[in-house]
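Student: Sharing a structure with you now.
The values are calculated or read from the model by the stated rules, or taken from the named source; none is laboratory data. Source: prediction; values computed, not measured. Cβ placement follows ideal geometry from the backbone for every residue including glycine, while neighbour counts extend to all protein chains displayed. Note: areas computed on protein heavy atoms with side chains; ligands, DNA, RNA excluded. Shrake-Rupley method; radii C 1.70, N 1.55, O 1.52, S 1.80 Å.
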Amino acid sequence: ERKQDFAEAQRTFSAMRTAYRDAGYDLVELPKAPVPARLRFLLETVAARVLPGDPLIGAALSRLSSGRLQ
């Protein structure tokens, strides 16, 4: 459970985002969506930015589309 109130959590988020960007990281926010949609977003983002053409990510996306991975 978070020990911060909402305003402090927002300040922490902003400070962390700035620190990571200043360190050269390319941040991608995970959408607020049901878990299967977030999983699809994560797999598609990794496939596009990090591991294009990776067969394991392709297989996971295929299983997710067919409903066998949730």
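Student: Please identify the longest segment of the chain free of exposed trypsin sites (Lys or Arg not before Pro), where exposed means a DSSP state other than H, G, I, E or B and no more than 15 other Cβ atoms within 10 Å. Walk me through the numbers on the way to the answer.
Tutor: On the way: sites that count: Arg2, Lys3, Lys32, Arg68.
The longest such stretch corresponds to 33-67.
Student: Then there's this: Counting helices only, and only those DSSP H runs with n ≥ 4, report the 222 nm mean residue ellipticity of the chain as the sum of -39,500 (n - 2.57) divided by its residues, in deg cm²/dmol to the nearest 500.
Tutor: Values: 3 runs with 44 residues, N = 70.
That calculation yields -20500 deg cm²/dmol at 222 nm.
Student: Further question on the same structure: Can you classify segment 1-40 as rounded, prolate or oblate using the Cα gyration tensor, where a ≥ b ≥ c are the square roots of its eigenvalues, rounded means a/c under 1.5, and otherwise it's prolate if a/b beats b/c and oblate if not?
Tutor: Details: a/c = 3.27, a/b = 1.16, b/c = 2.81.
Here segment 1-40 falls in the oblate category.
Student: Restrict the search to segment 3-70; then list the chymotrypsin sites (Phe, Trp or Tyr not before Pro) that DSSP places in a loop and that have at most 15 other Cβ atoms within 10 Å of their Cβ.
Tutor: Details: sites: Phe6, Phe13, Tyr20, Tyr25, Phe41; in loops: Tyr25.
Sites meeting the loop and neighbour criteria: Tyr25.
Student: Moving on to the next point. For the chain, what's the radius of gyration and Dmax over Cα atoms, in angstrom?
Tutor: Here Rg and the maximum Cα pair distance are 15.8, 43 Å.
Student: Continuing with this model, one more query. Which value, in Å², gives the accessible area per residue of the chain when a 1.4 Å probe is used on the protein heavy atoms?
Tutor: Values: 5810 Å² over 70 residues.
Each residue of the chain exposes 83 Å² on average to a 1.4 Å probe.
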